[in-house]
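One structure is given here, and the rest of the page talks about it.
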Amino acid sequence: MRPEYYSEKIRALEAGLSKNGIEYEKDLPMSSCSTFRIGGPADIAVSPRTAEELALSVMLAKSAGLPFHVAGNGSNMLYDDEGFRGVLVQTQKLRGIGLDGCVLTAGCGASLMRVTRAAAAAGLSGFEFAYGIPGSVGGAVFMNAGAYGGQIADIFAGCSVLDSSDGTVRRLTPADMDFSYRHSVLAARRDLVLLEASFSLDAAGGTVGEITGRMHGLMERRIEKQPLDLPSAGSVFRRPAPDIYVGKLIEDSGLKGASAGGAAVSVKHAGFIVNTGGATSADVTELIKRIKERIASDHGVVLECEIRHLSPDGTEEPAG
């Protein structure tokens with residue numbers, strides 16, 4: 001039973017959303033918007049259609065005194081079994097893509113699959129590395145996503161963000177972003193919400209066929225090496241050093257296939273934890289804990305979790 005003061009906050013938010021014609025749903029199972037297929041209900045799930053609606057949704061949540069979480073494809077998140085006592089702001093409808101010469105601009109909710117295909121169709125190179133990453137533009141910029149020798153920082157040209165501390169929208173340049181391995185200023189400044197991002201690409205990087213061929217080659221490598229047939233949140237741990245591969249450490253410690261409830265270390269790639277059916281967030285965190293303890297004991301390496309856990313009260317931190 002929710003306390004009356006909390007219900008009043010929800011009613012205030014609903015009134016603001018309805019007044020502004022912003023779509024929302026109550027008690028949405030977050031398992032439906034997570035690549036892990038794990039998570040209890042969010043009290044309110046908002047689906048803005050424009051950057052203006054996204055910014056307004058966030059500010060309405062703050063005005064009502066409710067925590068908010070902005071979600072793209074949920075590809076790097078572990079949502080709690082108990083759900084989220086706050087506002088889940090979904091960005092999937094902000095998926096517009098535009099081109100101006102060699103600069104591609106995309107909404108925060110645009111999937112990397114659509115963006116990389118649009119770049120290739122325009123004969124622009126530089127985004128191939130992201131083909132097959134199951135995330136959105138917002139999440140990719142947030143964590144400086146990378147693969148196969150490329151990363152967002154290499155092509156980033158700028159972005160528009162909402163500063164939820166005062167409701168202003170401003171432009172950030174590459175120099176503002178503090179990019180490093182799986183990090184950006186957005187991860188450090190949670191009051192900043194990405195609205196759209198621009199990327200500077202290369203018109204001399206090959207023909208459409210050559211660019212598409214490179215993308216398909218990378219996808220074949222993903223299919224061969226990664227457990228794409230089961231729900232997961234991608235690589236669980238950050239690489240401790242350029243020459244240290246976490247999957248090999250886990251395999252060498254005999255943990256390939258290890259399980260906790262419905263969560264298991266992938267037998268295809270030990271750097272992934274997969275949902276074999278009915279996995280809970282507690283299963284995943286227990287398995288992460290076991291892996292970290294074994295790797296520290298066997299190899300003297302302290303692993304850092306790349307997946308983030310959203311707790312019921314809105315606290316967001318590494319899942320283990």
A careful count of residues in the range 154-188 that are surrounded by 15 or more Cβ atoms within 10 Å (Cβ to Cβ), at pLDDT below 95 and either assigned to a loop (DSSP other than H, G, I, E, B) or polar (S, T, N, Q) (or both) gives 1
So Phe142, is it touching a helix residue (DSSP H, G or I) at 6+ places or on another chain (Cβ under 9 Å) and closer than 27 Å to Phe272 by Cα:
yes
The range 214-269 - residue that is among the polar types (S, T, N, Q) and under 20 Å from the mean Cα position of the chain (by Cα) and, of those, surrounded by the most Cβ atoms within 10 Å (Cβ to Cβ)
Ser232
How about the range 205-237: which of its residues are aliphatic (A, V, I, L, M), in a loop (DSSP other than H, G, I, E, B) and without any contact (Cβ under 8 Å) to a residue 24 or more places away in the chain?
Leu228
Of (1) in the same structural domain as Leu124 (by TED's automatic domain parsing); (2) out of contact with any strand residue (DSSP E or B) (no Cβ under 8 Å at 6 or more places or on another chain), Lys289 satisfies every one except (1)
Identify the single condition in (1) over 26 Å from Pro174 (Cβ atoms); (2) at pLDDT 95 or above; (3) surrounded by 14 or more Cβ atoms within 10 Å (Cβ to Cβ) that Leu194 does not satisfy, given that it satisfies every other one.
(1)
Residue hits (the range 74-86; buried (at least 24 other Cβ atoms within 10 Å of the Cβ) and under 11 Å from the mean Cα position of the chain (by Cα)) are Gly74, Asn76, Met77, Leu78
So, in the range 255-289, how many residues would count as being out of contact with any helix residue (DSSP H, G or I) (no Cβ under 8 Å at 6 or more places or on another chain) and assigned to a loop (DSSP other than H, G, I, E, B)?
8
Taking the condition of being in contact (Cβ under 8 Å) with a residue 60 or more places away in the chain, closer than 12 Å to Asn73 by Cβ and among the small types (Gly, Ala, Ser), how many residues in the range 127-148 meet it?
4
Of the candidates Leu112, Leu124, Leu60, the one satisfying the condition of being in contact (Cβ under 8 Å) with a residue 40 or more places away in the chain, surrounded by 19 or more Cβ atoms within 10 Å (Cβ to Cβ) and not assigned by TED's automatic domain parsing to the domain that holds Ile10 is Leu124
Is it true that some residue in the range 275-291 is without any contact (Cβ under 8 Å) to a residue 40 or more places away in the chain, surrounded by fewer than 17 Cβ atoms within 10 Å (Cβ to Cβ) and hydroxyl-bearing (Ser, Thr, Tyr)?
no
Any residue at all in the range 238-251 that's in a strand (DSSP E or B) and either touching a helix residue (DSSP H, G or I) at 6+ places or on another chain (Cβ under 6 Å) or aromatic (Phe, Trp, Tyr) (or both)?
no
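The values are calculated or read from the model by the stated rules, or taken from the named source; none is laboratory data. Predicted model only: the values in this text are computed from it and were never measured. Backbone-built Cβ (ideal geometry, glycine too); neighbour counts: all protein chains shown.
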